[in-house]
Amino acid sequence: MILMLILLILTIIILTSIGQVLLKIGSSSANNSLIKIFTHPASLMGYFTFAIVAYLSIDAIKQIELKVFFAVTSLTYCIVLFFSYFLLHEKITKNKVLAIFLITLGVIIFNF
Amino acid sequence: MRDDFMKDHFKKFSSLLITPYFGFLVFSIIIQTVGAIGTKYAVSNLNDYYFLSIPGNLVLATFMLGTMGLQAIVWQKALIFYPLSFAYPFRSLINFTILISAFIFFNESITILNIVGLAVISFGIYILVRDDET
């Protein structure tokens, strides 16, 4: 049961990160026309991903405390960094590694 | 020398706070908190709630999507003015507002470790985003 809950929250975190990377791909796709950005396949997939996240979040919020849900989903920042490194080829600096360490540490302290 | 530095820092900080756009930042946080509290209230009080019946639950769905949509628009407005290095750490205040309102409405506990943990998370977000801008 607890394992399922952890899997659910992990899915939410990973899907949120994928959604954000998709939106980034969509919004950086050349010309700045708003309509083209919003209707770019990557953007649409991003919104679809967020819809799934909203759906799953309801189930997660039902099962765990609200404060825990919000604190743990801060891990999204860390996963986004990995995805943006592998998919968008953004740089990872020392400070970013430190930041990820701090965020993870914060989540651990929060739940201790 | 150090005094000047502090003064400049304070000036920069206060120039970010005293602007009409600050309302958008605060409003964005309030909307998200209200949305989360409302959703939690809905899922813990609806007796005929089933995971798969969410699309049928129009009130809940409209409320959630409404707050999400409004939040996105207000957030975009705020980002026009604010650098990410200020906006994102500020947004991590949501964690604190949720912590407090969950304590008030749902009797969730607040421990010192909760507060320390959130502070560390916020600091991490600050470092992460600040590094992005330079």
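Figure legend. Inter-residue proximity from segment B:103-123: first residues modelled with pLDDT of 90 or more, second residues surrounded by fewer than 17 Cβ atoms within 10 Å (Cβ to Cβ) and part of a helix (DSSP H, G or I), beta-carbon distance below 6 Å, spacing 6+ or different chains. Indicated pairs: B:110/B:103; B:120/A:105.
Every residue, every condition in (1) away from every other protein chain (no Cβ under 14 Å); (2) within 18 Å of the chain's Cα centre (by Cα); (3) at pLDDT below 80; (4) closer than 22 Å to residue A:62 by Cα, yes or no:
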residue	(1), (2), (3), (4)
B:10	yes, no, yes, no
B:28	yes, yes, no, no
B:51	no, no, yes, yes
B:54	no, no, yes, yes
B:60	no, no, yes, yes
B:69	no, yes, no, yes
B:73	no, yes, no, no
B:84	no, yes, yes, no
B:89	no, yes, no, no
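Looking across segment B:92-119 at every residue that is within 26 Å of residue A:93 (Cα to Cα) and surrounded by fewer than 18 Cβ atoms within 10 Å (Cβ to Cβ), the one that is nearest to the chain's Cα centre (by Cα) is identified as B:93. Can residue B:123 be described as facing chain A (nearest Cβ under 7 Å), part of a helix (DSSP H, G or I) and surrounded by fewer than 21 Cβ atoms within 10 Å (Cβ to Cβ)? Yes.
If the condition is being without any contact (Cβ under 8 Å) to a residue 40 or more places away in the chain and within 14 Å of chain B (Cβ to nearest Cβ), then segment A:1-22 contributes A:4, A:19. Set side by side, the residues B:94, B:110 differ, and just one is of a type in the set (Val, Ile, Thr) and not in a helix (DSSP H, G or I), which is B:110. Going by the structure shown, is residue B:99 within 7 Å of chain A (Cβ to nearest Cβ) and modelled with pLDDT under 95? Yes, satisfied. Would you please name the residue that is surrounded by the most Cβ atoms within 10 Å (Cβ to Cβ), looking only at residues in segment A:92-102 that are within 18 Å of the chain's Cα centre (by Cα) and without any contact (Cβ under 8 Å) to a residue 12 or more places away in the chain? In this case the residue turns out to be A:102.
Does at least one position in segment A:31-47 carry a residue that is closer than 19 Å to residue B:124 by Cβ and either touching a residue at least 12 places away in the same chain (Cβ under 8 Å) or not β-branched (Val, Ile, Thr) (or both)? Within segment A:31-47, none of the residues are closer than 19 Å to residue B:124 by Cβ and either touching a residue at least 12 places away in the same chain (Cβ under 8 Å) or not β-branched (Val, Ile, Thr) (or both). Does any residue of segment A:51-74 turn out to be surrounded by 17 or more Cβ atoms within 10 Å (Cβ to Cβ), aliphatic (A, V, I, L, M) and more than 30 Å from residue B:107 (Cβ to Cβ)? There is no residue in segment A:51-74 that is surrounded by 17 or more Cβ atoms within 10 Å (Cβ to Cβ), aliphatic (A, V, I, L, M) and more than 30 Å from residue B:107 (Cβ to Cβ). Where helices (runs of 4 or more DSSP H) fall wholly inside segment A:23-112, the ranges with 2 or more residues that are away from every other protein chain (no Cβ under 12 Å) are A:34-39, A:41-63, A:76-86.
The values are calculated or read from the model by the stated rules, or taken from the named source; none is laboratory data. Just so we're clear, the structure is a prediction, and the values are computed from it rather than from any experiment. With ideal geometry, Cβ positions are generated from the backbone for all residues, glycine too; neighbour counts draw on all protein chains shown.
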